[in-house]
Structure formats: C-alpha cells, structure tokens
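To start, the structure under review is shown below, and the notes come after it.
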Amino acid sequence: NGIDKICVRGILSKKLLENKRSCFINKKIEIIPDIGWIFPRFFQDYKNILKNINEKYNTSLLENNFICFTCNWTSIPEEKIENILDILYDFSQNNNLKICIFNCISTYKSLPFDLNTYSKNRNGIIYLENLDLKEMGSLLCGCRFYIGSSLHCAVTSLSSGKYSSVIHQFPLLKFLETFGHLMRTDLYSDNWDDIENILDKLLNVSEEELY
C-alpha cells in the first residue's frame, strides 16, 4: 500500500501488525532497537553533571548512592501514591540510599500529590524540579538503579549498565516487549503492590547478572 518499511521495537508489535499470523513474516515490518539504548552517549560527562546538580540543588548525590524514581498520574492509582512513597522512604532508610524523584515529562507534573512538602519532611527523599535533559540523563546514568513508570528512564539506566524496573498499572505493550526481550519480565509489573519485592531484587542483583 505504498509503504516501504515499518519499524517496531518488539516482536509483539510486529506480530500484531501481521494480524497475529504465527507462520507469516512481512519483511516490510522490521524490529529495531529503541532509540533509548543510545541515550547514554549524550551523558558521558554525567559525573560532572552530578556535581553541578549537588551544587545547584544543595544535595549530596554520589554515583550509586541514590535511586531514581518517577511516576505519573496515569501509571499509579491516586490512593496508592503516599503508601508507595512511604515504602520508598523506608527502603532508603534501611539501606542507606537516597531516593531522587523528578519529573521527566510534562504530564508527570500532574501527579495529584504535594511532593515538595513530602520530601521536605523526610531526610533521604529528594524531589528535584525543572531539571534539564542533561541533568535527568546524568541522574539515570549515575543512580544505583531506576524504578518507576517511564520506559525511557528505565532504558537509559539499563543501557548505562544499571538495573531498572517499570511498574505501571496498565500492561502496555512497550513494557512487555522491552523486558521480554531482556529476559527480565520479573523486573516489570502492572501491580504497585509488587514494589517491595522488586526493590529488594534490584538491590541484591549484581552488575554481572544484568545482561
């Protein structure tokens, strides 16, 4: 129909476009890597950027001493937000790690919860606003691991050799494909009640097990 090529990031998307025909291959539909796998190329100076973030926001984020967390109003039920933050806070206190929360896209700013007040009352929870792209990417490259609802945040950390997990209340195809191709579907969930188990798993896995 006048289309030379369609590129998708996973086999599930390809088979859907092929009308779920298991014994049929449309060579015009190709699987290519997600663009997020090259993001760390743009953040090779992330250690210096982390130093600048510490000076700019009066924080003390050092490589591997903090966890990055993001979520938005579509990915988590409103009634669970404070409970999830409390779990993250307890985890940070028990493991001597900081929790760095930031908004990576505009819709994340619609989270119906006062993160400023919450973070100010809890040592170890750091909420950073109005970060630029270099700052966000540097945090994701320098963190111990990422957990949240953004696929490209997760992929940025993964491609930097760090573990990542996505939790999103809707089982979107992009999550299933990405973690399925990595053979790490255990690091993806559509149930926020799984966050404690996933946090423990992310903490305990070694870097050698990543790929």
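The values are calculated or read from the model by the stated rules, or taken from the named source; none is laboratory data. All figures in this text were calculated on a predicted structure; none of them were measured in a lab. Every residue, glycine among them, receives a Cβ derived from its backbone with ideal geometry; neighbour counts consider all protein chains shown. Side chains included, ligands, DNA and RNA excluded: accessible areas come from the protein's heavy atoms. Shrake-Rupley method; radii C 1.70, N 1.55, O 1.52, S 1.80 Å.
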Worksheet entry | Dipole magnitude of region 138-211 about its Cα centre (Cβ charges: Lys, Arg +1; Asp, Glu -1), debye to nearest 20 | 300 debye
Worksheet entry | Å² per residue, accessible surface of the chain at 1.4 Å | 54 Å²
Worksheet item: GNM on the chain, C-alpha springs below 10 Å: top fluctuator among Phe113, Phe24, Phe145?
Response: Phe24
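Dividing the Cα radius of gyration by the Kirkwood radius, what Rg/Rh value follows for region 1-101?
Radius of gyration over Kirkwood radius for region 1-101 works out to 1.17.
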Worksheet item: If the label point is 7 Å along Cα→Cβ of Ile3, which residues in region 28-46 have backbone nitrogen under 17 Å from it?
Response: 28-32
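Roll a 1.4 angstrom probe over the protein heavy atoms and tell me the percent of accessible area of the chain that is carbon or sulfur.
Looking at the chain in its full context, I get 50 percent from C and S.
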Worksheet item: Of the lysine pairs in region 6-69, how many meet both conditions: Cα atoms under 25 Å apart, and a spacing of 8 or more in sequence or different chains?
Response: 6
Practice prompt. Name the lysines eligible as straight-distance cross-link partners of Lys201: C-alpha to C-alpha under 25 Å, and not fewer than 8 places from it in the same chain.
Written response: Lys80, Lys98, Lys162, Lys174
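Quick one: putting +1 on the C-beta of Lys and Arg, -1 on the C-beta of Asp and Glu, what dipole do you get for region 30-152 around its Cα centre, in Debye to the nearest 20?
Roughly 380 debye, rounded to the nearest 20.
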Discussion item. What is the distance in Å between the Cα centroid of region 128-163 and that of region 166-205?
Written reply: 16 Å
Discussion item. With the crude spin-label approximation of a point 7 Å out along Cα→Cβ, what separation in nm comes out for Asp186 versus Glu79?
Written reply: 3.2 nm
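Determine, from the Cβ-Cβ distance of Phe170 and Glu55 and an R0 of 45 Å, the FRET efficiency 1/(1 + (r/R0)^6), rounded to the nearest 0.05.
0.70
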Worksheet item: Can you work out the FRET efficiency for the pair Asn64 and Glu30, with r the C-beta to C-beta distance and R0 = 25 Å, to the nearest 0.05?
Response: 0.10
Discussion item. Is there a quick way to get the dipole size of region 92-188? I mean about its Cα centre, with the Cβ of Lys and Arg at +1 and of Asp and Glu at -1; what is the value in debye to the nearest 20?
Written reply: 180 debye
Item to complete: For the chain, build the charge dipole from Cβ charges (+1 Lys, Arg; -1 Asp, Glu) around the Cα centre, then report which of Leu88, Pro171, Val8 sits farthest towards its positive end.
Response: Val8
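What is the ratio of the Cα radius of gyration of region 45-84 to 2.2 N^0.38 Å, where N is its residue count, to two decimals?
Ratio of Rg to 2.2 N^0.38 Å for region 45-84: 1.60.
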Fill in: Gained length - Asn19 relative to Leu133, 0.36 nm times residue gap less alpha-carbon distance
37.3 nm
Worksheet item: Given (1) 13.2; (2) 11.7; (3) 15.0, which label gives mean projected area of the Cα convex hull in nm² as computed from the coordinates?
Response: (1)
Fill in: Packing-based ranking, highest mean first, of 2-8, 77-83, 155-161 given that Cβ atoms within 10 Å are counted
155-161, 77-83, 2-8
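Run through the DSSP bridge list for the chain and note the antiparallel percent, rounded to the nearest 5.
0 percent
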